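Enquirer: This is the structure I have questions about; it appears just below.
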Amino acid sequence: MMILCAGDREQFDFATSIGIGLINSSINLTKLILKNRQKSILFIGTAGSYGNLKPFEIITSSTSTNIETGYFLDNCYTPLNNRVTSIIDNVSCETTNEKNVLVNSSNYITTNEEVSNKFLKSGIEAENMEFFSILTVANKFNIPAYGIFIITNYCDKHAHDDFIANHAKAKEKLTAYVRKQVSNYE
């Protein structure tokens, strides 16, 4: 199993950093797979909550969307498929019993509570900048993938400040959780 993380602030000694955002993570994951193909991919990191999930709650996901806030404001459209599910649905159930949620990915962090509510009404509960690209690349190479995330903040006007305040504790909790899950899996 290949364990990945974004990097920068979210580096883990047992995970390979692939870059922040949709573009960097997709390019670097492709390079990694071409060098050393694995049977499965686990992406770990932090996520923001659109309102239902609480800080420090741990979630899993095997499905992601790539929806920009302009979509909910009727300011745009896309001809692209903006939802991806791992080639093996519910692959995350193999290693954890945590809640499997739909995660949105964008290169922007949502700070508008009205938009957060629109995400929730669409069944999307959390956001992480890289996850959509992870699943998309993994599917292209026919590799099952899933994510384990810890909530650091709500997607509101305090999102960045709360992320900064909660990040160190969240990283510690996520590290302990992932180490336990991976050892149970092996």
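Just so it is clear, none of the values below were taken in a lab; they were calculated from the coordinates. These numbers were taken from a predicted model, which means no experiment stands behind them. Cβ coordinates were reconstructed from backbone atoms using ideal geometry, including for glycine residues, and neighbour counts include every protein chain displayed.
Enquirer: Stretch Asn52-Lys35 to full length: gain in nm at 0.36 nm per residue minus the Cα-Cα span? Let's see the in-between values first.
Expert: Details: separation 17, 0.36 × 17 = 6.12 nm, distance 3.93 nm.
Stretched out fully, the Asn52 to Lys35 stretch lengthens by 2.2 nm.
Enquirer: Still on this structure, please answer the following. Tell me, what ³J(HN,Hα) does each residue in region 9-20 have, in order and in whole Hz, if you take phi through Karplus 6.51 cos²θ - 1.76 cosθ + 1.60 with θ = phi - 60° and put x for Gly and Pro?
Expert: Each residue's phi maps through the Karplus curve to give 5, 10, 9, 10, 5, 10, 10, 9, 6, 10, x, 9 Hz.
Enquirer: Can I ask one more? Please list 3J(HN,Hα) in residue order for region 70-75, calculated via the Karplus relation 6.51 cos²θ - 1.76 cosθ + 1.60 where θ = phi - 60°; whole Hz, with x for glycine and proline.
Expert: For region 70-75, the Karplus-derived couplings read x, 4, 6, 9, 6, 10 Hz, x marking Gly and Pro.
Enquirer: Just subtract the alpha-carbon distance of Phe141 and His167 from 0.36 nm times their residue separation and send over the number in nm, one decimal. Write out the running numbers ahead of the final one.
Expert: Working: separation 26, 0.36 × 26 = 9.36 nm, distance 3.21 nm.
Gain on stretching Phe141 to His167: 6.2 nm.
Enquirer: Order these by the 10 Å Cβ neighbour count, fewest first: Glu10, Glu130, Glu172, Glu113.
Expert: The most exposed by this proxy come first: Glu172, Glu113, Glu10, Glu130.
Enquirer: Using θ = phi - 60° and the Karplus form 6.51 cos²θ - 1.76 cosθ + 1.60, what ³J(HN,Hα) does each residue of region 21-27 get, whole Hz, x for Gly and Pro?
Expert: x, 5, 6, 4, 5, 5, 5
Enquirer: So how far, in whole Å, is the C-alpha centre of region 59-78 from the one of region 95-161?
Expert: 10 Å
Enquirer: Moving on to the next point. What residues qualify as long-range amide H neighbours of Gly51, i.e. H under 5 Å apart, gap of 5 or more or another chain, H built at 1.01 Å from N?
Expert: Cys155
Enquirer: Using modelled backbone amide H atoms (1.01 Å from N, in-plane), which distant-in-sequence or interchain residues come within less than 5 Å of Asn100's amide H?
Expert: Excluding prolines and chain starts, which carry no amide H, the hits are Thr60.
Enquirer: With 10 angstrom as the radius, rank Thr16, Thr110, Thr152 by how many other C-beta atoms surround their C-beta, starting from the fewest. Intermediate values should be presented prior to the final figure.
Expert: On the way: Thr16 15, Thr110 21, Thr152 24.
Lowest count first: Thr16, Thr110, Thr152.
Enquirer: Assuming a ≥ b ≥ c are the square roots of the Cα gyration tensor eigenvalues, decide whether region 9-151 counts as rounded (a/c under 1.5), prolate (otherwise, with a/b larger than b/c) or oblate. Let's see the in-between values first.
Expert: Numbers: a/c = 1.66, a/b = 1.37, b/c = 1.22.
Judged from the Cα gyration tensor, region 9-151 comes out prolate (a/c at least 1.5, a/b above b/c).
Enquirer: Using amide H atoms built in the peptide plane, which far-off residues or other-chain residues are under 5 Å from Ala6 H to H?
Expert: Ile18
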